[in-house]
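**Student:** Provided herewith is a single structure, encoded as structure tokens, for subsequent inquiry.
The values are calculated or read from the model by the stated rules, or taken from the named source; none is laboratory data. Predicted, not measured: the structure shown is a model, and the values here were computed from it. Virtual Cβ from ideal backbone geometry, glycine too; neighbours counted across all protein chains shown. Each accessible area value is taken on the protein alone, full model and side chains, heavy atoms only, with ligands, DNA and RNA left out. Shrake-Rupley method; radii C 1.70, N 1.55, O 1.52, S 1.80 Å.
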Amino acid sequence: IVYAVVDLAANNNEGEVIEKNKVLYNNMHGTFTISGKCDRSVFWLIGDVDSNLQEGSDKMYIFQIDKDGISGPFTSRPVMIGASNDYKLSPDAKKFLYSVSEISGSGTLISDFKPQNFPADPIVNSKWLPITGSGEFSPNGRFIYLVGNHGIAQYDIQTEKIVEIFSGSDFLGRPQMAANGKIYISIADEKKLLV
């Protein structure tokens, strides 16, 4: 993972790249996510460390990004996964959602994200969701929209109830919330998006 430092005020507010291709971490694999708190003063980058030689050895790296720069990585304790993906942080950065594949099966987990625990593990209180799929949080963080093989389901974090909201299309893409608060999902072999 590399990053650049940009001066947005340079060149009459057209911007200028001050530094580029700065290596943040060179042994991350799978998926990662970056998300910020609502006030956008702190961002979090979470990724899977390339250490899953055997099930139960995987760790996640967490970087904090703010006006003072980048700090970390902070490391999670080993998790019982063979591979992980579909990382998502809730809009308030209090919940962390991810999918796992392991010898005993696959599933989707939700955890509390508590950076106040640093340097100890900030990913705590993990629990399995009753269905598996790529997920995305609602703008208020209460609901998770899970895309699986047979459609889309809405999971209510407070009541733990699931409602199927779209059935069909076996090849839905991963959901992504845009800046307008709407969630977009691609449909395989079609030039359309579900919104």
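**Student:** What FRET efficiency would be calculated for the residue pair residue 165, residue 19, taking the C-beta separation as r and a Förster radius of 41 Å, to the nearest 0.05?
**Tutor:** Numbers: r = 45 Å, r/R0 = 1.09.
Efficiency, from the Cβ-Cβ distance: 0.35.
**Student:** On to the next question. Once you charge only the Cβ atoms, +1 for Lys and Arg and -1 for Asp and Glu, what is the size of the charge dipole of the chain about its Cα centre, to the nearest 20 debye?
**Tutor:** 340 debye
**Student:** Tell me, in nm to one decimal, what length is gained between residue 192 and residue 9 on full extension, where the rule is 0.36 nm per residue of separation less the Cα-Cα distance? Please report the intermediate quantities before stating the final value.
**Tutor:** Values: separation 183, 0.36 × 183 = 65.88 nm, distance 3.73 nm.
So the extension gain works out to 62.1 nm.
**Student:** Further question on the same structure: Considering only protein heavy atoms and a 1.4 Å probe, what is the carbon-and-sulfur percentage of the accessible area of the chain? Show your work: numbers first, answer last.
**Tutor:** Details: 5670 of 11190 Å².
The computed percentage sits at 51.
**Student:** State the percent of C-alpha pairs, over all pairs in the chain, separated by a distance greater than 20 angstrom.
**Tutor:** Cα-Cα pairs of the chain separated by over 20 Å account for 60 percent.
**Student:** Excluding residues on the same chain fewer than 8 positions from residue 182, give the lysines whose Cα lies under 24 Å from its Cα.
**Tutor:** Residue 182 reaches 37, 88, 94, 95, 161, 191, 192.
**Student:** Send over a whole-number figure in Å² for the accessible area per residue of the chain, probe 1.4 Å.
**Tutor:** Details: 11190 Å² over 195 residues.
That works out to 57 Å² for each residue.
**Student:** Stretch residue 180-residue 128 to full length: gain in nm at 0.36 nm per residue minus the Cα-Cα span? Mind dumping the intermediate values first?
**Tutor:** On the way: separation 52, 0.36 × 52 = 18.72 nm, distance 2.94 nm.
Full-extension gain reported as 15.8 nm.
**Student:** Something else about it: So how do 89-95, 64-70, 122-128, 16-22 stack up, highest first, on mean other-Cβ count within 10 Å? Walk me through the numbers before you get to the answer.
**Tutor:** Details: 89-95: 18.1, 64-70: 12.0, 122-128: 14.9, 16-22: 10.0.
Highest-to-lowest ranking by the protection proxy: 89-95, 122-128, 64-70, 16-22.
**Student:** For the chain, what is the relative contact order in percent, using Cα pairs closer than 8 Å and at least 6 residues apart in sequence? Walk me through the intermediate numbers first.
**Tutor:** Numbers: 459 pairs, mean separation 20.4, N = 195.
In percent, rounded to a whole number, it is 10.
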